[in-house]
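To start, the structure itself, in structure tokens.
The values are calculated or read from the model by the stated rules, or taken from the named source; none is laboratory data. These numbers come from a predicted model, not from an experiment. We place every Cβ from the backbone using ideal geometry, glycine too, and count neighbours over all the protein chains shown. Note: accessible area is taken over every heavy atom of the protein model, side chains too, but ligands, DNA and RNA are not part of it. Shrake-Rupley method; radii C 1.70, N 1.55, O 1.52, S 1.80 Å.
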Amino acid sequence: QIEPYAYNPGYERENKLFLIETNVYFVETDKLIWSCQSKVYNPSNVKDAVDQTAKAVMKKMKRAGFYK
């Protein structure tokens, strides 16, 4: 019995990766005070991906003491 070496269900799924970079500057000095990069895989839509990333960044900044 010969087994096929690959299985093709008749469709392909396209994976989407969004890279979101967040930079926060101190306005008075124009110096970068916070920077991070986030990856979002296969979001249902761009708005939700950005909203979820913003919430996660805010939590991280709060834990680091940037605001109360």
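Can you run phi through the Karplus equation (6.51, -1.76, 1.60; θ = phi - 60°) for the range 56-68 and list ³J(HN,Hα) in whole Hz, with x for Gly and Pro?
The phi angles translate into 5, 5, 4, 4, 5, 5, 5, 4, 7, x, 6, 7, 10 Hz.
Using a 1.4 angstrom probe on the protein heavy atoms only, line up Thr53, Thr29 by accessible area, largest first.
Numbers: Thr53 15, Thr29 75 Å².
Result, largest first: Thr29, Thr53.
Cross-link list Lys31/Lys62; Lys31/Lys68; Lys16/Lys55; Lys31/Lys60; Lys16/Lys62; Lys39/Lys60: which exceed 23 angstrom alpha carbon to alpha carbon? Numbers along the way, then the final one.
Values: Lys31/Lys62 19 Å; Lys31/Lys68 21 Å; Lys16/Lys55 21 Å; Lys31/Lys60 20 Å; Lys16/Lys62 29 Å; Lys39/Lys60 15 Å.
Over 23 Å apart, Cα to Cα: Lys16/Lys62.
Could you compute how much accessible surface Lys59 exposes when probed at 1.4 Å, giving the result in Å² to the nearest 10?
Roughly 140 Å² of Lys59 is accessible to a 1.4 Å probe.
Can you give the local net charge around Ala49? Use residues other than it whose beta-carbon is closer than 12 angstrom to its beta-carbon, Lys and Arg +1, Asp and Glu -1. All intermediate terms of the calculation are to be shown ahead of the outcome.
Values: positive: Lys16, Lys39, Lys47, Lys55; negative: Asp48, Asp51.
Computed value for this residue: +2.
So if each residue of separation counts as 0.36 nm, and I subtract the Cα-Cα distance between Lys62 and Glu12, what length gain in nm does that give?
Working: separation 50, 0.36 × 50 = 18.00 nm, distance 4.10 nm.
Between Lys62 and Glu12, full extension yields an extra 13.9 nm.
Label points 7 Å out from Cα along the Cβ direction at Gln37 and Gln52: separation in nm?
2.0
Once phi is turned into θ = phi - 60°, what whole-Hz ³J(HN,Hα) does the Karplus curve with 6.51, -1.76 and 1.60 give for every residue of the range 34-43, x standing for Gly and Pro?
Values per residue, Gly and Pro as x: 7, 8, 8, 10, 10, 10, 10, 9, 6, x Hz.
Would you mind working out the accessible area per residue for the range 26-68, using a 1.4 Å probe, and quoting it in Å²? Before the final figure, lay out the partial values.
Numbers: 3750 Å² over 43 residues.
Heavy-atom accessible area per residue stands at 87 Å².
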